[in-house]
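Chemist: The following block contains the structure, expressed as structure tokens.
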């Protein structure tokens, strides 16, 4: 479209502000963009670290709860160990008493068997101290005492048999008797030399003349 100026006057020019160079505008835009990118990166890093911190705090809380639970379990285990120790002591005492009981019965049986196989001899006392055994008795002859020692050795139940004293006495009026004392060690193994009877009978003492 063609416009014609009928007034013959020059058309006033539109006033414009000062022009900004293009290079400066680009620099400003890049600077603002860099700030925005840096802000976004910093926010992302902050959010990541905050998330990690929250996870660590949650882990710490969980570990503290687990530690508390384990401490309770430890206390229960210690109480159980104490109860177990007390019960084990009681069991040991009961087993020891049972062993002494059965061992005492076996000892009496073996003594009875040994005396039964020894003629003209009887025991007057027997003292046991652990595995040590002290015996005292009477016999009508020294040979009877020697035979008793031989029977003890053959039984396999006694060891380290030692005759301490054997002398004639007047325990039985009108008859020759010999008093003796001796010691021996009880072996821990089951004897094999002499069979054990069902019931042991005491030897008959010699009668008075």
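The values are calculated or read from the model by the stated rules, or taken from the named source; none is laboratory data. None of the values given here were measured: they were computed from a predicted structure. Cβ coordinates were reconstructed from backbone atoms using ideal geometry, including for glycine residues, and neighbour counts include every protein chain displayed.
Chemist: I'd like to check something: does the stretch 135-142 contain any residue that is surrounded by fewer than 18 Cβ atoms within 10 Å (Cβ to Cβ), under 24 Å from residue 170 (Cα atoms), at pLDDT below 90 and in contact with a helix residue (DSSP H, G or I) (Cβ under 8 Å, 6 or more places away or on another chain)?
Modeler: No, the stretch 135-142 contains no residue that is surrounded by fewer than 18 Cβ atoms within 10 Å (Cβ to Cβ), under 24 Å from residue 170 (Cα atoms), at pLDDT below 90 and in contact with a helix residue (DSSP H, G or I) (Cβ under 8 Å, 6 or more places away or on another chain).
Chemist: When you scan the stretch 96-111, do you find a residue that is touching a helix residue (DSSP H, G or I) at 6+ places or on another chain (Cβ under 8 Å) and closer than 30 Å to residue 183 by Cβ, even just one?
Modeler: Taking every residue of the stretch 96-111 in turn, at least one turns out to be touching a helix residue (DSSP H, G or I) at 6+ places or on another chain (Cβ under 8 Å) and closer than 30 Å to residue 183 by Cβ.
Chemist: Cβ contacts < 6 Å: first residue under 13 Å from residue 133 (Cα atoms) and not assigned by TED's automatic domain parsing to the domain that holds residue 151, restricted to the stretch 94-110; second residue modelled with pLDDT of 80 or more and assigned to a helix (DSSP H, G or I), any location; separation 6+ or different chain. Result?
Modeler: 110/155
Chemist: Looking at (1) closer than 15 Å to residue 169 by Cα; (2) touching a helix residue (DSSP H, G or I) at 6+ places or on another chain (Cβ under 6 Å), which is the one condition that is false for residue 152?
Modeler: Among (1) closer than 15 Å to residue 169 by Cα; (2) touching a helix residue (DSSP H, G or I) at 6+ places or on another chain (Cβ under 6 Å), residue 152 violates only (1).
Chemist: Looking at residue 73 and the list (1) loosely packed, with under 11 Cβ neighbours inside 10 Å; (2) closer than 20 Å to residue 187 by Cα, which single condition is not satisfied?
Modeler: Of (1) loosely packed, with under 11 Cβ neighbours inside 10 Å; (2) closer than 20 Å to residue 187 by Cα, only one is false for residue 73: (2).
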